[in-house]
Amino acid sequence: MDLWLAPHEARARSLRFGGEIFFGFGMSPFGECVALATGTHLLSLGFMDNREAALAALHEKWRDSILRPGAETGRLIAMAFHDPDSVPLMVIGTPFQLSVWEFLRQSRAATTLTYGEVARSIGRPGAARAVGRAVGANPLALLIPCHRVISLGKLTGYSWGLDRKKALLAWELARRDPLEMPF
């Protein structure tokens, strides 16, 4: 079961201030990944080029937490690319970010949406830029599929590079059931 938490909630605060969080590395079809987990729930999944830099960034973001290596994170990374819906998530964000991320989590694989379409879909039609900021703050690559969000008619912005965004969309399309194709 996924947990969607605002930063002020007790579970989120207990992780941020003295909580124990496990990190690990693993390979994906798109390069090496780094992940953070509570032991049962994945908190963060990102692509990386340099382990030391990735670990330093995690320590900076979670500076008041206790980060330890954890074998479970490798299994969660593998699950993310084999069966993304089976990975239990703990997502911490503002109420607006959570609404964007929950909407994206429900979007269909191998589809794209514009920032404006996402804003309208969550009931905030004038918030396309805020949607862009929420998409950019997404802590869970692939699992909250921010790679599906595009500008009108073109791919723009992706924390882990446009080539990886294109590859993720192509990968999803290749895995989609042909009977569900929109033709």
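The values are calculated or read from the model by the stated rules, or taken from the named source; none is laboratory data. This is a predicted model, so every value here is computed, not measured. Positions of Cβ are backbone-derived with ideal geometry, glycine not excepted, and every protein chain shown enters the neighbour counts.
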Quiz item: Does the stretch 1-23 include one or more residues that are at pLDDT 95 or above, of a type in the set (Ser, Thr, Tyr) and not assigned by TED's automatic domain parsing to the domain that holds His147?
Solution: no
Exercise. Could you check Ala78 against (1) under 27 Å from Phe25 (Cα atoms); (2) of a type outside the set (D, E, K, R); (3) crowded, with 17+ Cβ neighbours inside 10 Å and say which number it fails?
Key: (3)
Quiz prompt | Residues of the stretch 88-104 that turn out to be of a type outside the set (Phe, Trp, Tyr) and part of a helix (DSSP H, G or I), as a count | solution = 7
Quiz item: Are any of the residues in the stretch 75-88 more than 16 Å from the chain's Cα centre (by Cα) and either modelled with pLDDT under 95 or closer than 26 Å to Glu9 by Cβ (or both)?
Solution: yes
Quiz prompt | Tally of residues being within 19 Å of Gly157 (Cβ to Cβ), surrounded by 20 or more Cβ atoms within 10 Å (Cβ to Cβ) and of a type outside the set (Val, Ile, Thr) across the stretch 86-102 | solution = 3
Practice problem: Would you check which residues across the stretch 32-88 are farther than 18 Å from His147 by Cα, of a type outside the set (A, V, I, L, M, F, W, C) and free of Cβ contacts under 8 Å to residues at least 40 places away in the same chain and list them? | Solution: Gly39, Asp49, Asn50, Arg51, Glu52, His59, Glu60, Lys61, Arg63, Arg75, Ser86
